[in-house]
1. What is the spin-label model distance, in nm, from residue 51 to residue 90 if the labels are put 7 Å beyond Cα along the C-beta direction?
2. In the range 49-101, which chymotrypsin sites (Phe, Trp or Tyr not before Pro) are in a loop and have at most 16 other Cβ atoms within 10 Å, using DSSP for the loop call?
3. Just need the Rg to Rh number for the range 33-185, please, alpha carbons only, Kirkwood Rh.
4. Rounded to the nearest 0.05, what FRET efficiency do residue 142 and residue 64 have when you use their Cβ-Cβ distance and R0 = 22 Å?
5. Roughly how far apart, in whole Å, are the Cα centres of the range 126-189 and the range 37-91?
6. Give 163/189; 134/189; 134/187 a once-over and call out the pairs whose C-alpha atoms are over 30 Å from each other.
Amino acid sequence: MRIPSALSVLLAFCALHLLGAPHGLAAAEAAPVTAAIAVIQPTTGNETAGIVTFTATDGGVKVTADVSGLAPGKHGFHIHEFGDISDSAKAMNTGGHYDPEGTHRHALVDADQPGSMPHHAGDMGNLVADSAGKAHLEIMLQGVSLMGPANPIVGRAVIIHAKSDDGGQPVGNAGGRVGQGVIGIAKAK
Ligand SMILES: [Cu+2]
């Protein structure tokens, strides 16, 4: 009887292990991501730095940006397609504006008219820096999600441009890229 009893212990162990596994997976998948963060770092020759947070709300994704080290005035502010910040000199590996709907249309977006027309999902308008080079912006983004099935932004990049986004085609004439940061999962507050 020794061998069968050893076998049954082994089978019982395997059965427990298999039963336990789905519960573990379910727990890991259950908590939805409701907050994301991009830490902005400067490209070569710039001093851009700051924090951009993204919070999932019933009315869209709320974006809050606090950035310093900018030249006074407007700076184009976008989500670009790739979270690849390996080009520390010019931030070109982040690709172009995030445009998952394939609109191929750029637009200025501001707090008064978010999502008012088809445009790149990553259009976030302009940061406006004061005389000290600091900018604060709060805007509600429509048509994107943090990690949902609809146009997820986690894993992509925030880009801050040298010049004002004038809403022109195809990408707003905002010039070079002075700051970049990857959008990552944040601890919900
Ligand atoms: Cu851009």
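Bear in mind these aren't lab numbers, they're just calculated from the coordinates by the rules spelled out. Since the structure is predicted, the reported quantities are computational estimates derived from the model, not experimental observations. Here Cβ is always computed from backbone atoms with ideal geometry, including for glycine, and neighbour counts include all displayed protein chains.
1. According to this spin-label approximation, the distance is 3.2 nm.
2. 82
3. 0.92
4. It comes to 0.85.
5. Computed from Cα coordinates, the inter-centre distance equals 5 Å.
6. Details: 163/189 33 Å; 134/189 25 Å; 134/187 25 Å.
Cα-Cα > 30 Å for 163/189; rest within.
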